[in-house]
Amino acid sequence: MSVPSEKYERNSSSPKPRIDALYALSQTPRTLLPGCLGLFSAMHPLSLPGFPPLTVGPLRLASSLILAPLAGHTDLPFRLLCRESGAALCVSEMISCHGLVFEQGKTHDLLRTVPQERPFAVQLFGGDPEIMARAAAIVTSLPVDLIDINMGCPVRKVVKKGYGAALMKDPHRAEAIIRAVCARTSLPVTVKFRSGWSDEHIIAPEFAAMAEEAGAAAAVIHGRTWAQGFGGKADWGVIREVKNAVSIPVIGNGDVLTRADGRAMMAATGCDGVMVGRGALGNPWLFGPDDRPVSLAGRMPVIMRYLQLAQQFLPLPKVLFKVKNQTAKLLTGLSGAASMRQALYGCDSIEAIAAVLHDQHAGEER
Ligand SMILES: Cc1cc2nc3c(=O)[nH]c(=O)nc-3n(C[C@H](O)[C@H](O)[C@H](O)COP(=O)(O)O)c2cc1C
């Protein structure tokens, strides 16, 4: 990617840093990823010690560390940031099969990707096998490499309609959905589900066996029950039980905040891959070989890259609040983070956010 060499784009009042230029200035040399050109100007190699390549159906991933779907967070800029940082695969936010099939514009926005992101996984949710199958057919005609079916979302308005985690209570319907989706796509299909409905109803091993029988190429198991929501502790013991119950790859999920946690999950459960959710927010470095830098200077390349990607791909200024939230998370743990956050929340553009951070960075260098 060509990066403008000028440092500032001046207007009549004040100097404004160009994000591309700031990004170039804040770049430290990093390893180029073979085969990923264009947007991916600087990337970590995707092979990661402790996370061997993972094969899901016909899809071979360079490592086994994957970004989880996180509605409201895993949009294209954040996914690209994680891919560039080393994530082997990123999953879209959950996408309604009804929205897709009945052409609701916002739903299509969630499918936006670029060639450099691939492999790319799309997660579908819904409760009607035929509509899920039609949605799968649409997704298959797009530049997508894997379809994941959401059978774990605990949110009330989703469960109330019989979607997400409600399908764990209705395994016949769940099976019909998996079969219908597999019949209408040539892509590998994975199913993401929970340990069960409640502590008294841990059914993940049987559910995984059903998914395998119905055609799933891998099982993604979040070790919490529906009743737990996102609280409490994930039960990695259930992940091990799922691994013992099926012969397809098992991707474990829940409470992985560091690479060490991911390796511990693999060792404790025998799972083949690790999916990271909340631990990746504010910490895309988790997917690479190095720890999250402890100084703003060390984080600037990734933060500026995020701002650059957000500017390129998000409908601004409509979703500026989202950019501020992601940027604020990238500052977690830094000295002066609170005052930087306060300043960036007052910004009215990406350029202004970049200027705040650049000034702070320059001040610290002095
Ligand atoms: C804000 C938020 C949004 C989420 N959105 C989705 C989603 O769209 N699809 C899905 O399957 N899971 C979703 N999840 C669940 C995560 O993918 C993951 O299973 C869960 O957070 C446990 O992993 P963690 O402990 O690594 O965060 C979401 C979780 C959070 C906190």
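The values are calculated or read from the model by the stated rules, or taken from the named source; none is laboratory data. Remember, it's a predicted structure, so these values are computed and weren't measured experimentally. All Cβ positions, glycine included, derive from the backbone under ideal geometry; neighbour counts span all protein chains shown.
Would you mind finding the one in Leu81, Leu100, Leu111, Leu70 that is assigned to a helix (DSSP H, G or I), closer than 21 Å to Gln326 by Cα and either within 16 Å of the ligand (Cβ to nearest atom) or assigned by TED's automatic domain parsing to the domain that holds Asp170 (or both)?
Details: Leu100 fails: closer than 21 Å to Gln326 by Cα; Leu111 fails: assigned to a helix (DSSP H, G or I); Leu70 fails: assigned to a helix (DSSP H, G or I).
Exactly one of Leu81, Leu100, Leu111, Leu70 is assigned to a helix (DSSP H, G or I), closer than 21 Å to Gln326 by Cα and either within 16 Å of the ligand (Cβ to nearest atom) or assigned by TED's automatic domain parsing to the domain that holds Asp170 (or both), namely Leu81.
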* For segment 175-228, how many residues meet the condition of being closer than 17 Å to Val139 by Cα, of a type outside the set (A, V, I, L, M, F, W, C) and more than 16 Å from the ligand (Cβ to nearest atom)? -> 5
* Spot the failing condition for Trp236; the list is (1) within 30 Å of Arg194 (Cβ to Cβ); (2) free of Cβ contacts under 8 Å to residues at least 60 places away in the same chain; (3) away from the ligand (no atom under 13 Å from the Cβ), and only one is missed. => (3)
* Tell me, please, whether a residue that is farther than 26 Å from Asp235 by Cα and of a type in the set (Gly, Ala, Ser) can be found in segment 340-347. => yes
* Filter result (within 10 Å of the ligand (Cβ to nearest atom) and on the phi > 0 side of the Ramachandran plot) within segment 246-285 -> Gly254, Asp255
* Structure fact -> Considering residues that are aliphatic (A, V, I, L, M), surrounded by fewer than 21 Cβ atoms within 10 Å (Cβ to Cβ) and more than 15 Å from Arg292 (Cα to Cα), the number found within segment 315-331 is 3
* Of the residues that sit in segment 147-159 and are of a type outside the set (A, V, I, L, M) and in contact with a helix residue (DSSP H, G or I) (Cβ under 8 Å, 6 or more places away or on another chain), which one is nearest to Cys97 (Cα to Cα)? -> Asn150
* **Inter-residue pairs, beta-carbon under 9 Å, first in contact (Cβ under 8 Å) with a residue 60 or more places away in the chain and in segment 133-158, second more than 15 Å from the ligand (Cβ to nearest atom) and of a type in the set (Lys, Arg), 6+ apart** => Asp145/Arg118
* Which ones in segment 121-146 are closer than 19 Å to Leu80 by Cβ, assigned to a strand (DSSP E or B) and touching a helix residue (DSSP H, G or I) at 6+ places or on another chain (Cβ under 8 Å)? -> Val122
